[in-house]
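What follows draws every value from the coordinates through simple rules; no lab data is involved. All values derive from a computational prediction rather than experimental measurement. Glycine gets a Cβ as well: all are built from the backbone with ideal geometry, and neighbour counts include every protein chain shown.
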Amino acid sequence: MTLISAPQELVGVVGLEIHAQIHSNTKLFSGSRVGFQAPPNSLVSFFDASLPGTLPVLNRRCVEAAVMTGLALNCTINRKSLFDRKHYFYADLPAGYQITQQRLPIAVDGTLTYSHLGGRKRNEVVTKSVRIKQIQLEQDSGKSLHNDYRNQTLIDLNRAGVGLMELVMEPDMSCGEEAAAAVREMQLILQALGTCQGNMAEGQLRVDANVSIHRPGDHWGIRTEVKNINSARNLARAIDYEIQRQMFVLESGGTVQNETRSFDGKTGHTIPMRDKEGLQDYRFMPEPNLPPLMVYEACSTAPPGVAPSQVVVLEEVRERLPELPSVRRQRLVETYGILPEHSFTLVNEDGLMDYFEAVVRETKAGPRKVIGWVMNELQGLLHQQNLSVSQSPISPQALAQILNLQENGQISSSIAKQVFQELWKTPGKTAQQIVKEQDLGMVNDSTEIYRICQKVVDSHPDQVQAIRSGNKKVLNKLMGLVQKETKGRADPVLVRAILEQKTS
Amino acid sequence: MYVVVNYTRRLQTLAFNLGPSRYQGVTRASITSQDRKSKQNLSCFRWTHLITLVHQYSTRISNSKPCQVPVDLVDKLERLALVDFRNQEGLACLEKAIRFADQLHVVDTDGVDPMDSVLEERALYLREDAVAEGDCAEELLQLSKNTVEEYFVAPPGNIPLPKREERAAMFKHAEF
């Protein structure tokens, strides 16, 4: 990983605030449905619209989601947590305050361990960790659509009141790449837990970055908050731009302002946001309508005579924790004997692990051979054409067939790659068909190969001489010539053996 | 009442660093008939009434200097809470409220956890995650004067509160 630093050793300091929309049927404090792209204001109850006389009623599923996430991130779960009101005026916040957990949140002091591929060739797994300061439950606000033409804002309250988990991280990161990797890992964990679907483009996972720069050892510099980031890739771009911008400001003799900036995806720049009026005073006060939230360690410590639906028990939630990404990566390495960096990529790319395991099931080729094909051939074409794994024209079964043909000795390894490319373009056909149609079957007739090798040897006496005097690499050139003659259909092992014999 | 007491208490800790207070004899506020119409001062009237009641019971409360709320703090409060202290009477009311809250200092709370609400020992009810409300867009939109195609309409961004001098001019001919 390269640290972004100027000659005077200024380094970036990055902290993230992640808002994860809880994957639940209903909202945090009301029974209206949680949905995306529904008709405006159709998923709004009287409480969400903040009509007088309505009261918040806490959703049990949201509590369990927060507890599960806290446990997965090694947090301490507070047995007692409190709700507060955070006051500010904005049209998409009908009540004029947001119910959050500022004083005593549900979980504190966790760790997120993440990795990214670093090193010169980007194939070493570099593992880092960032401390989670706290996880708190809070309400989401509605959505405002700005109509500059008519000088008005249109308010849709469908999202108002949806449960959010705010994950606050300590500023343990130093550049955009680390932040993007941390967010990617958080996405995978939340998706594995089922507590958040983690789709940044749909706003299910929102990330704000706090960026400052300083010299190591000095106290922290002034920080700016960067908002309006809608993907992990843009997060990295925004942070890196902001670090560079702040360095430029300092080097020009200026001072960094404590402000909120918005990221512009098109230009890659951050721009100051004008609507923020100086330092906000949110006038936090305890939410008077909600007593403290209690969770219990085990069924035995829960108060007696209380219905199970009214009690959240940590023991039970812990038992229901599914396999986390880090555990999954380890399992893949142990089960299939693949390298950690391959396992990292398999888990990181949506659907790639399932694809890989499906191919391994259907083919007699070993997992190490399969991983090579998946990483190089498959990923190569997917990236080139900007496709996701689910959009691959070649199914796992089709790839397994190609590998089986190779294993059976019906085609050579170079032909197999050719068949793969062909199959990509014409997915309707099978591998067998392509091999038959283009006559790509392995030439096994040893007399034929012998004859071709002889021909090549006879027509290149200089090369033969070079090999005999010790330069073994020239043999590869002769092999290439033989393969050209046979259009790649000769068994390379056999060809090499014959050539070696002839040039000894 | 609880909200205001709590808030004025916070205001107090924000703006001042008062130790144990000593109170003057609290005099009944002189309320003019015009002020009585103002909602703000009406509740003020109730408080000051209570203050005199409390005064009769607490002989320990002795003299203190009257607290002055700095003008920029008043401005900030007005901006944040969108309340209007309007005139000197309003500010005097605020100062009296702070002095009233000062009585909390008299109680010895060493080793006692603060209480948020008298209901805080109750169990928090947990609702099942099943859809039971919503789907009443028409009803809700009827409540708004201004709607556009099932959206509520708001001005673009927060309109900044006019400065104090401009506000005074604005409300000169107002009802209150």
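Tabulated results
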| item | result |
| --- | --- |
| Filtered residue count, segment B:104-138, keeping only those that are on the phi > 0 side of the Ramachandran plot, more than 7 Å from chain A (Cβ to nearest Cβ) and in contact with a Leu (Cβ under 8 Å, 6 or more places away or on another chain) | 0 |
| Selected residue (only one of A:His116, A:His23 is surrounded by fewer than 21 Cβ atoms within 10 Å (Cβ to Cβ) and under 21 Å from A:Gly194 (Cβ atoms)) | A:His23 |
| Residue among A:Ile415, A:Ile411, A:Ile394 that is surrounded by 15 or more Cβ atoms within 10 Å (Cβ to Cβ) and closer than 18 Å to A:Tyr355 by Cα | A:Ile394 |
| Residue in segment A:74-95 that is facing chain B (nearest Cβ under 9 Å) and of a type in the set (Asp, Glu) present | yes |
| Condition check for A:Leu137: buried (at least 23 other Cβ atoms within 10 Å of the Cβ) and within 14 Å of chain B (Cβ to nearest Cβ) | yes |
| Qualifying residue in segment A:45-59 (condition: under 22 Å from A:Thr301 (Cβ atoms), touching a helix residue (DSSP H, G or I) at 6+ places or on another chain (Cβ under 8 Å) and in a strand (DSSP E or B)) | no |
| Residues within segment A:28-42 that are out of contact with any helix residue (DSSP H, G or I) (no Cβ under 8 Å at 6 or more places or on another chain), within 7 Å of chain B (Cβ to nearest Cβ) and in a loop (DSSP other than H, G, I, E, B), tallied | 2 |
| Test: A:Ser45 is touching a residue at least 12 places away in the same chain (Cβ under 8 Å), over 23 Å from A:Gln191 (Cα atoms) and either crowded, with 17+ Cβ neighbours inside 10 Å or at the interface with chain B (Cβ under 9 Å from one of its Cβ atoms) (or both) | yes |
| Residue within segment A:151-167 that is over 19 Å from A:Ile132 (Cβ atoms), more than 17 Å from the chain's Cα centre (by Cα), among the β-branched types (Val, Ile, Thr) and in a strand (DSSP E or B) present | yes |
| Selection from segment A:344-376 of residues that are polar (S, T, N, Q) and under 22 Å from A:Arg184 (Cα atoms) | A:Thr345, A:Asn348 |
| Check on B:Leu141, in contact (Cβ under 8 Å) with a residue 24 or more places away in the chain and within 9 Å of chain A (Cβ to nearest Cβ) | no |
| Segments classed as helices (runs of 4 or more DSSP H), wholly inside segment A:308-413, with at least 2 members that are under 22 Å from A:Gly118 (Cα atoms) | A:325-336, A:340-348, A:352-362, A:367-372, A:379-384 |
| Options A:Val63, A:Val67; residue that is in a helix (DSSP H, G or I), of a type in the set (A, V, I, L, M, F, W, C) and within 9 Å of chain B (Cβ to nearest Cβ) | A:Val63 |
| Qualifying residue in segment A:99-121 (condition: of a type in the set (A, V, I, L, M, F, W, C), closer than 28 Å to A:Ala236 by Cβ and within 20 Å of the chain's Cα centre (by Cα)) | yes |
| Selected residue (only one of A:Val313, A:Val317 is free of Cβ contacts under 8 Å to residues at least 24 places away in the same chain, in contact with a helix residue (DSSP H, G or I) (Cβ under 7 Å, 6 or more places away or on another chain) and either within 14 Å of another protein chain (Cβ to nearest Cβ) or exposed (fewer than 13 other Cβ atoms within 10 Å of the Cβ) (or both)) | A:Val313 |
| Selected residue (criterion: nearest to A:Met294 (Cα to Cα)) from residues of segment A:91-124 that are touching a residue at least 60 places away in the same chain (Cβ under 8 Å) and among the charged types (D, E, K, R) | A:Arg103 |
| Output for segment A:283-297, where each listed residue is more than 9 Å from every other protein chain (Cβ to nearest Cβ) and crowded, with 19+ Cβ neighbours inside 10 Å | A:Val295 |
| Sole residue being within 19 Å of the chain's Cα centre (by Cα), more than 12 Å from every other protein chain (Cβ to nearest Cβ), outside any strand (DSSP E or B) and farther than 27 Å from A:Lys86 by Cα, chosen from B:Ala92, B:Ala101 | B:Ala92 |
